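Notes follow once the structure below has been shown.
All of the numbers you see were taken from the coordinates with simple rules; none came from a lab. Everything quoted here is computed from the prediction, not taken from an experiment. All Cβ positions, even for glycine, are placed from backbone atoms using ideal geometry, and neighbour counts span all protein chains on display.
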Amino acid sequence: MKNLMLLAAFATSVVLPAPASGMDGARAPAPAFAPADSASLPPPVARPAELSDSELERELKRFAVEVAHALTNYEADDTAADIAARLPERSSPEAAMPAALALHHEGSWSRGRIVYPQFGGLLPERASVMIVVEQKIGTPAGIRTEMRALDIRIGRDAEGWRFEQLASDGGEPVPRPDVLSPEARAVLDNPRIELPDSARWDIHAGRVAPELLALMARAAEQEPIGVIVFDNGHPWNIFGTDRMSDHSRGVAVDVHRIGDRLVIDDRAEGSLTHDFVKWLYDQPDVANIGSPWALDGFGGRSFTDLLHQDHLHIAVPREHALRTD
């Protein structure tokens, strides 16, 4: 099979361990703070955890991780220009400065922890890497934590990879509404569904179809799941095309972990993730599943390619779309 041949050709790559649990200026502060007793004493900057040996295009992902790490680890007296200057080599100031501004909190220190880097698009000369980052921000008022999905765009030329753009910082915080649908509550309050804050904000803002949320709650009854992204943090169009993504329509979610197993590490037939995909395929409200397997062959509801080796793309029918082309 062509996809399997491609997979073999790229089988020298990596991933991070499973987690423990608008870009034009400085961000407005979020309201929730932890006590301020240690806010003036930031912990040491830790290096990102190593990627799994199973990862594909390991050097590309490592480069993107270095960008995310540089953007989210800084001291209280650092400026956005200081942060931009620490991005990996071959990152132009024109690309680095807007990215640094997006994640810089003036007068605050920041410590970023990489949760997982997932491909959002992969072409020979360009890539989108969606990286969930937990960012602890220390101020005189206290410490707050945000977990964001960053859409980091990388280009490749004869000299190697280069940072091109922070296409999304995961969006602005949206407070939880007092009134939520049962489907939204079933996902937001489910301890078996790990959600970045950017995904929670999408649900708070009504950007996720209730039908998708209902499916996720049922899926979590099978196994706990780790979500990367709904809408914010994902490319608006299917990467490299002019076609709107189902994520932008509000009918798709990307999942990087099933139970305690990363998808990239659990690609054998008969694995927990394989059984989970088979369960999803049997659900009548699933329009399509991207995963390491094509359960029904080329052109079916279950598809695979190089991009979908590190996550499951799960979509409900477009008749439920909240946005259209």
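Rg of the Cα atoms in segment 167-270, relative to 2.2 N^0.38 Å, amounts to 1.09. Dividing the summed -39500 (n - 2.57) terms of all DSSP H runs of n ≥ 4 by the residue count of the chain sets its mean residue ellipticity at 222 nm at -7000 deg cm²/dmol. Per-residue 3J(HN,Hα) values for segment 316-322, derived from phi via the Karplus relation 6.51 cos²θ - 1.76 cosθ + 1.60 with θ = phi - 60°, read 9, x, 5, 4, 9, 4, 8 Hz in sequence order (x marks Gly and Pro).
Here the gap between D53 and I238, fully extended at 0.36 nm per residue and compared with their Cα-Cα distance, gives a gain of 63.9 nm. In a reduced charge model with +1 at each Lys and Arg Cβ and -1 at each Asp and Glu Cβ, the chain shows a dipole moment near 100 debye about its Cα centre.
Amide H contacts of Y116 (H built 1.01 Å from N, in plane; Pro and chain starts excluded): V132 sit under 5 Å, all sequence-distant by 5 or more or on other chains. To the nearest µm²/s, what D does Stokes-Einstein give for segment 201-318 at 37 °C and 0.692 mPa s, using the Kirkwood radius over alpha carbon pairs as Rh? Taking Rh from Cα pairs, D becomes 230 µm²/s. Subtracting the Cα-Cα distance of R192 and Q222 from their residue separation scaled by 0.36 nm leaves 9.8 nm.
Over all pairs of different C-alpha atoms, the chain has a mean inverse distance whose reciprocal, the Kirkwood radius, equals 20.1 Å. Seen from a random direction on average, the alpha-carbon convex hull of segment 51-135 projects onto 5.6 square nanometres. Among the GluC sites (Glu not before Pro) in segment 116-201, those located in a DSSP loop and surrounded by at most 11 other Cβ atoms within 10 Å of their own Cβ are E125, E159.
Applying a DSSP loop filter and a limit of 12 other Cβ atoms within 10 Å to the chymotrypsin sites (Phe, Trp or Tyr not before Pro) in segment 235-325 leaves F298.
Each residue of segment 180-187 was assigned a 3J(HN,Hα) from its phi angle through the Karplus expression (A = 6.51, B = -1.76, C = 1.60, θ = phi - 60°), giving 10, 5, x, 5, 5, 4, 5, 8 Hz with x at Gly and Pro. Karplus-derived 3J(HN,Hα) values for segment 122-129, using 6.51 cos²θ - 1.76 cosθ + 1.60 with θ = phi - 60°, are 8, 10, x, 10, 8, 8, 10, 10 Hz; glycine and proline are entered as x.
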